[in-house]
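Everything below concerns the one structure shown next.
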Amino acid sequence: MKVRIQGQEIPYPLNTVSGRLKLCGLSDTATYQILNDIKQTKQISEEEIFKYIKDALSREPKIILRSFELINNYEQLRGTSNTVPPLILALEGASATGKSMLAIDFVHYLSITRFISTDTVRQVLRGIYTKEDYPELYCHTYQAYTRRQAGDKDLDPVLRGYIAQCEVISPPVIEMVNRIYLEGASAIVEGVHLEPNSINPIGSGVLEILVNPDRNTHKSMFLTKYIAGKLRTVSKDASIREEEFLSTRKIQEYMISKAMKNGVAIIDLESYENASSLISTLIINKVEQIIKEHQ
């Protein structure tokens with residue numbers, strides 16, 4: 001469909017509306033109904049779309065309408081002031097904690113066009129640095145300790161390997177996020193190579209979240225990653241995967257301790273739906289905080 005914005009008629013991406021409604025907690029059925037009704041209108045302005053949505057949401061729980069209005073107010077403020085920060089959502093956690101799948105949802109919910117995966121950055125760095133010079137780049141995080149170690153010598157070797165890999169991957173990731181932030185664009189960054197509180201110093205629009213399934217859930221997700229993720233670099237040998245999980249959980253527990261020490265939010269992943277709802281609430285709270293600081 002097309003809408004009128006500043007006197008110009010342009011194609012309008014309704015997925016931005018559906019994402020925002022889901023972020024606010026509206027059900028799939030109610031979201032579909034609202035979008036279907038909007039599509040029936042031939043000519044409409046963006047203001048009329050939002051007015052219609054607010055009228056429709058008045059029949060839903062009050063928290064949904066309030067959340068929708070907060071998001072809209074935030075976007076309007078960003079359009080009128082360069083001092084209002086963009087939203088940077090950083091989802092952190094060890095391998096197989098569910099952060100990547102959650103990130104996919106929030107790319108839609110927040111209409112994100114800037115997305116960074118630290119695993120992708122690792123792949124780029126492999127094209128720059130040789131295996132001989134940076135062997136820790138050419139393995140999974142839970143294997144890095146067998147290539148190189150860094151950090152406090154009293155730490156577990158697995159953690160020292162993790163730190164060694166982060167020392168190479170984290171700086172370019174943080175620099176990219178900083179440039180995006182200064183550009184004024186919202187973004188999502190996800191990955192194990194972000195130690196909790198490594199992104200927060202960039203600015204008040206940053207929301208760091210550590211995703212944390214309980215140990216048994218994490219183990220199940222890790223052991224089935226070969227089948228679920230189709231990764232050729234993941235061993236099919238169950239005994240090897242059992243050992244690798246122990247290393248992975250050490251990294252997760254290290255990240256939990258860092259998050260607790262630095263006041264980074266930790267959400268339990270019992271299910272993707274529950275975790276998504278918790279993250280959405282944290283985003284709404286962050287947006288409200290930003291609005292209060294800049295009104």
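Quick note: the coordinates plus some simple rules give every number you see, no bench work behind them. Bear in mind the structure is a predicted one, so any value in this text is a computation, not a measurement. Please note: Cβ atoms are built from the backbone with ideal geometry, for glycine as well, and neighbour counts cover all protein chains shown.
Convert each backbone phi in the stretch 279-295 into a coupling constant with the Karplus relation 6.51 cos²θ - 1.76 cosθ + 1.60 (shift: θ = phi - 60°), then list the ³J(HN,Hα) values in order as whole Hz, x for Gly and Pro.
5, 4, 4, 5, 5, 4, 5, 5, 4, 4, 4, 4, 4, 4, 6, 10, 6
So how tilted is helix 157-183 from the main axis of the chain? Cα-based, degrees 0 to 90, rounded to 10.
With rounding to tens, the tilt is 30 degrees.
Give me, ordered by chain and number, the residues 5 or more places off Leu210 or on other chains with an amide H under 5 Å from its own placed amide H.
Glu92, Ala265, Ile266, Ile267
Residues with beta-carbon under 14 Å from that of Lys51, excluding Lys51: net charge, scoring Lys, Arg +1 and Asp, Glu -1?
-4
Using each residue's phi in the stretch 104-121, evaluate 6.51 cos²θ - 1.76 cosθ + 1.60 at θ = phi - 60° and report the 3J(HN,Hα) Karplus result to the nearest Hz, with x for Gly and Pro.
Those phi angles translate into 4, 4, 7, 4, 6, 4, 9, 6, 7, 10, 10, 10, 10, 10, 5, 5, 5, 4 Hz.
Name the trypsin sites (Lys or Arg not before Pro) in the stretch 201-294 that are in a loop by DSSP and that have at most 13 other C-beta atoms within 10 Å, would you?
For trypsin sites (Lys or Arg not before Pro) across the stretch 201-294 that sit outside H, G, I, E and B with at most 13 neighbouring Cβ atoms in 10 Å, the list reads Lys230, Arg232, Lys236.
With the dipole of the chain worked out from charges on the C-beta (+1 for Lys and Arg, -1 for Asp and Glu) around the Cα centre, which of Thr141, Leu278, Val121 lies farthest toward the positive end?
Val121
Along its three principal axes, how long is the chain when you only count alpha carbons? Whole Å, largest extent first please.
62, 37, 35
Would you work out the relative contact order for the chain, in percent, from Cα pairs under 8 angstrom that are 6 or more residues apart?
23
I'd like the Karplus ³J(HN,Hα) series for the stretch 198-215: coefficients 6.51, -1.76, 1.60, θ = phi - 60°, whole numbers in Hz, and an x wherever there's a Gly or Pro.
The phi angles translate into 7, 9, 3, x, 5, x, 6, x, 8, 10, 8, 9, 9, 8, 9, x, 5, 4 Hz.
Restricting to Cα pairs below 8 Å that are 6+ residues apart, what does the relative contact order work out to for the stretch 157-254? Please round to a whole percent.
On the way: 46 pairs, mean separation 27.8, N = 98.
Value for the stretch 157-254: 28 percent.
With +1 on the Cβ of every Lys and Arg and -1 on the Cβ of every Asp and Glu, and nothing else charged, how large is the dipole of the stretch 256-295 about its Cα centre, in debye rounded to the nearest 20?
Computed about the Cα centre, the dipole is about 260 debye.
List, in the order given, every pair from Lys22/Lys286; Lys22/Lys219; Lys51/Lys286; Lys39/Lys286; Lys54/Lys286 whose Cα-Cα distance in the structure shown is over 27 Å.
Table pairs above 27 Å Cα-Cα are Lys22/Lys219; Lys39/Lys286.
Around Val168, under 15 Å between beta carbons, what's the net of Lys plus Arg minus Asp minus Glu among the other residues?
Neighbour charge sum, excluding Val168 itself: -1.
If you average the sequence gap of Cα pairs under 8 Å that are 6 or more apart and divide by the length of the stretch 74-162, what percent do you get for the contact order?
Across the stretch 74-162, relative contact order equals 14 percent.
Considering every Cα-Cα pair within the stretch 36-89, what fraction, in whole percent, is farther apart than 18 Å?
Summing the P(r) tail past 18 Å for the stretch 36-89 gives 46 percent.
Set the Förster radius R0 to 30 Å, insert the Cβ-Cβ distance between His108 and Leu246 as r into 1/(1 + (r/R0)^6), and round the FRET efficiency to 0.05.
Once the sixth-power term is evaluated, E becomes 0.30.
Hey, what angle do you get for helix 238-262 against the long axis of the chain, alpha-carbon based, 0 to 90 degrees rounded to 10?
60
Size of the dipole of the chain about the Cα centre, Lys and Arg at +1 and Asp and Glu at -1 on the beta carbon, nothing else charged, in debye to 20?
So the magnitude is around 400 debye.
Placing +1 on the Cβ of each Lys and Arg and -1 on the Cβ of each Asp and Glu in the stretch 163-295, which of Ile169, Met255, Asn216 has its Cα farthest towards the positive end of the resulting dipole?
Sorting the options by dipole projection puts first Asn216.
Show the residues, 5+ positions off or on another chain, whose built amide H is closer than 5 Å to the amide H of Ile44.
The list, which skips near neighbours in sequence, is Arg4.
Percent of Cα-Cα pairs per 5 Å bin, from 0 to the last occupied bin, for the stretch 138-223, please list those.
3, 13, 19, 19, 19, 15, 9, 3, 0
Once the other residues with Cβ under 13 Å from the Cβ of Tyr129 are scored (Lys, Arg +1; Asp, Glu -1), what is the net sum?
Net charge around Tyr129: +1.
How tilted is helix 28-39 with respect to the longest principal axis of the chain? Cα atoms for both, answer in degrees (0 to 90, nearest 10).
50
Among the trypsin sites (Lys or Arg not before Pro) within the stretch 123-167, which fall in a DSSP loop and have no more than 16 other Cβ atoms within 10 Å of their own Cβ? Walk me through the intermediate numbers first.
Values: sites: Arg126, Lys131, Arg147, Arg148, Lys153, Arg160; in loops: Lys131, Arg147, Arg148, Lys153.
For trypsin sites (Lys or Arg not before Pro) across the stretch 123-167 that sit outside H, G, I, E and B with at most 16 neighbouring Cβ atoms in 10 Å, the list reads Lys131, Arg147, Lys153.
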